[in-house]
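A quick write-up on the structure given underneath.
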Amino acid sequence: MGDLPEYYFRVKENGATVFRVDTENRQRRIEMDPLANVNIRNGEIKPQGDRELSATDRAEIEAWIAHRREVLAQRDVDDILRAVDHLNLVTQWAQSKATDAQLEEITDTLLLTMHDLRTVLVRKKAERLGAGG
């Protein structure tokens with residue numbers, strides 16, 4: 001077997017279950033021993049059962065939490081940039097392809113959504129400008 005990592009993180013919606021990976025057993029099988037559950041939102045690390053986590057365990061888990069938060073933040077920005085692209089496609093569709101019936105179906109909902117977004121963005125920009133000035 002190749003060099004497997006010492007820890008495996010099974011990602012869940014709010015964090016992960018952390019396992020220690022063991023290949024040093026008599027059967028040479030991969031065994032995954034559950035160590036802890038991690039909550040990515042609040043950084044909470046709950047050891048499994050009566051287990052005591054070593055300083056190394058905690059350091060690895062905390063490094064994973066930091067990295068995971070960075071990945072999720074990058075994904076958030078990427079999702080927003082994709083939404084901008086999609087809004088441009090919607091604009092092109094509305095201008096060139098949409099029927100009157102299609103426009104009637106989506107116009108009010110889309111206008112309210114865009115108004116809500118604009119209101120939030122303008123308020124946040126004003127807050128940033130006020131804080132920097």
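Relative to the longest principal axis of the Cα atoms of the chain, the long axis of helix 55-96 lies at roughly 20 degrees.
The alpha carbons of the chain occupy a box of 71, 43, 26 Å along the principal axes, longest dimension given first. For region 79-133, place one equal point scatterer on every Cα, skip the solvent, and apply the Debye formula. What is log10 of I(q)/I(0) at q = 0.16, 0.23 Å⁻¹? Per q value, in the given order, log10 I(q)/I(0) is -0.63, -0.96.
The dipole here belongs to the chain: it is taken about the Cα centre, uses +1 on the Cβ of Lys and Arg and -1 on the Cβ of Asp and Glu, and is about 220 debye. Applying 0.36 nm per residue to the separation of ALA66 and LEU112 and subtracting their alpha-carbon distance, the gain on full extension is 12.9 nm. For ILE40, the residues whose amide H sits under 5 Å from its own are GLY15, ALA16, ignoring neighbours fewer than 5 places away on the same chain, with H placed 1.01 Å from N.
Its relative contact order, with pairs defined as Cα atoms under 8 Å and 6+ residues apart, puts region 1-49 at 29 percent.
Grab the other residues whose beta carbon is less than 15 angstrom from that of VAL18, score K and R as +1, D and E as -1, and report the net.
Values: positive: ARG10, LYS12, ARG20, LYS46, ARG51, ARG58, ARG68; negative: GLU6, ASP22, GLU31, ASP33, GLU44, GLU52, ASP57, GLU60, GLU62.
Neighbour charge sum, excluding VAL18 itself: -2.
Distance between the C-alpha centers of region 105-121 and region 50-87? Whole Å please. Result: 30 Å between the Cα centres.
Every number in this text was worked out from the coordinates using simple rules, so none of it is lab data. In this text the structure is predicted, and so the values were computed from the model without any measurement. For neighbour counting, all protein chains shown are included, and Cβ atoms are generated from backbone atoms with ideal geometry for every residue, glycine included.
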